[in-house]
Amino acid sequence: MSEPGLAIVGGHVIDPASGLDGPATVTVRDGRIEGVSPGPSVPDAERTLDAHGLVVVPGLIDLHTHLYRGVSHYGVDPDERCLSRGVTTAVDAGSAGAQTFPGLRRYVIEAARARVLAYVNVSVLGMISAYAGELEDLRWVVPEDAAACARENADVVAGIKVRLGYQMAGPDPESALLRARKAADLAELPLMVHVIDMLRPITWLLPWLEPGDVVTHCFHGNEGGVLDERGRVFPEVFAARDRGVVFDLGHGIGSFAWRVARIATEQGLWPATISSDIHAHNVDGPVFDQPTTLSKLLHLGMPLAEIIRATTAAPAAALRREDELGSLAPGREADITLLEVVPGEWRLTDGAEETVVASRLLLPRWVVRAGEMLACETATAQLEARAAVESAQR
């Protein structure tokens, strides 16, 4: 027996992968996209969702999250913190390594209503404790084990993750990088590299990266960033971008600085993918959720359609799943997010405690996951929670 059909009517559809940007009706049947019809037509469907005043986009993809709650000190619940905020695909970025990945798969990936994918940490431990860097002892870094774990879990693994900050890798991160490069090559998957707090300029790292590899935290304000001492984006950064290295936002708790973002974007460096790096230490600010992170790029002047691309089609390509995710093309699994652009005066804070006042905020109103329609956490509840945090910050 087929499931009742769903028609999402009256909304403004933005689907960069399909070239759609205008009023349209999206129809869903049996958990899949049935079609997208331009204009206000109302097809025959058992259920109708009124999307007037809303932007209808492919289900949001958050390329950098931490979801191993109960094991990693970073972990948050993917349904509570991602799906309820409009993210249909959340990618855990290295919380688990080869020896801890089975638990992530069983208790998080397979249990979540959200689609959860993952990067395998090159350290067998993963990101377990704030008291121990996972690369402090290179005996924990076994490329063959990381690659084997990735191959054994190919249906959910997107690549290999390595953090090269001095807290994890010490003063010389090269040994850890070379082992991570080997693991990615053995697994034939991309490498995601955390670059904040490297004690060497980012230029040393870039020659080791290949097209499709991901540099996350691209707008952090600490050592190892994209700006040189004069405040210019390193030419090597542009060269890496132009040959296919993916520069990802990765907001985090201290990995996004308005100062760096303004300077870099003025020089033409925009993130190819926008991710929240949401975890237990930033869900109550400054990150809150993926739509808030997207709102910060809106404030910087990134066009809305390009913001949607950076959280749909672009991360789908980075995950090598562009034929499955990030589009409203007919036949795809029906992952859809409905956003409201709310005018006002919104205080948005970076990881360096600088606050700006933005005139627009993106709020998730509805999400469809594999054809199942879910109301997001209500706009009223989100606004009240935001107001309480902002009041406490003043």
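The values are calculated or read from the model by the stated rules, or taken from the named source; none is laboratory data. On a predicted model such as this, the values are computed, not experimentally measured, just so you know. As a convention, Cβ positions derive from the backbone with ideal geometry for all residues, glycine included, and neighbour counts pool all protein chains shown.
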Is it the case, given these coordinates, that Glu174 is acidic (Asp, Glu), within 25 Å of the chain's Cα centre (by Cα) and loosely packed, with under 15 Cβ neighbours inside 10 Å?
no
Taking the condition of being acidic (Asp, Glu), assigned to a loop (DSSP other than H, G, I, E, B) and modelled with pLDDT of 95 or more, how many residues in segment 181-219 meet it?
3
Of Gly59, Gly126, Gly86, Gly94, which residue is in contact (Cβ under 8 Å) with a residue 60 or more places away in the chain, buried (at least 20 other Cβ atoms within 10 Å of the Cβ) and over 25 Å from Val342 (Cβ atoms)?
Gly94
Search segment 133-167 for residues being modelled with pLDDT under 95 and among the acidic types (Asp, Glu), and hand back the single one that is nearest to Leu117 (Cα to Cα).
Glu134
Before we move on, is Arg47 out of contact with any Lys or Arg (no Cβ under 9 Å at 6 or more places or on another chain), within 23 Å of Ser275 (Cβ to Cβ), of a type in the set (Lys, Arg) and surrounded by fewer than 21 Cβ atoms within 10 Å (Cβ to Cβ)?
no
What are the pairs with Cβ atoms under 7 angstrom where one residue, in segment 168-180, is within 16 Å of Glu210 (Cα to Cα) and modelled with pLDDT of 90 or more and the other, located anywhere, is buried (at least 24 other Cβ atoms within 10 Å of the Cβ) and not hydroxyl-bearing (Ser, Thr, Tyr)? Sequence gap at least six, or different chains.
Leu177/Val162; Leu177/Leu164; Arg179/Val122; Arg179/Val141; Ala180/Val122; Ala180/Ile160; Ala180/Val162; Ala180/Leu191
Exactly one of Ala118, Ala147, Ala158 is buried (at least 19 other Cβ atoms within 10 Å of the Cβ) and assigned to a helix (DSSP H, G or I), and that one is Ala147
Within segment 46-86, can you find the residues that are farther than 30 Å from Glu134 by Cα and of a type in the set (S, T, N, Q)?
Thr48, Ser84
Only listed residue being of a type in the set (D, E, K, R), modelled with pLDDT of 95 or more and over 21 Å from Asp284 (Cα atoms), chosen from Glu354, Glu333:
Glu333
Pick from segment 199-228, criterion in contact with a Pro (Cβ under 8 Å, 6 or more places away or on another chain) and of a type in the set (Gly, Ala, Ser), ranking: surrounded by the most Cβ atoms within 10 Å (Cβ to Cβ):
Gly224
Hand me the list of strands (runs of 3 or more DSSP E) wholly inside segment 1-98 holding 1 or more residues that are more than 26 Å from Pro330 (Cβ to Cβ) and touching a Phe, Trp or Tyr at 6+ places or on another chain (Cβ under 6 Å).
87-93
What number of residues within segment 357-384 are closer than 30 Å to Thr48 by Cβ and at pLDDT 70 or above?
18
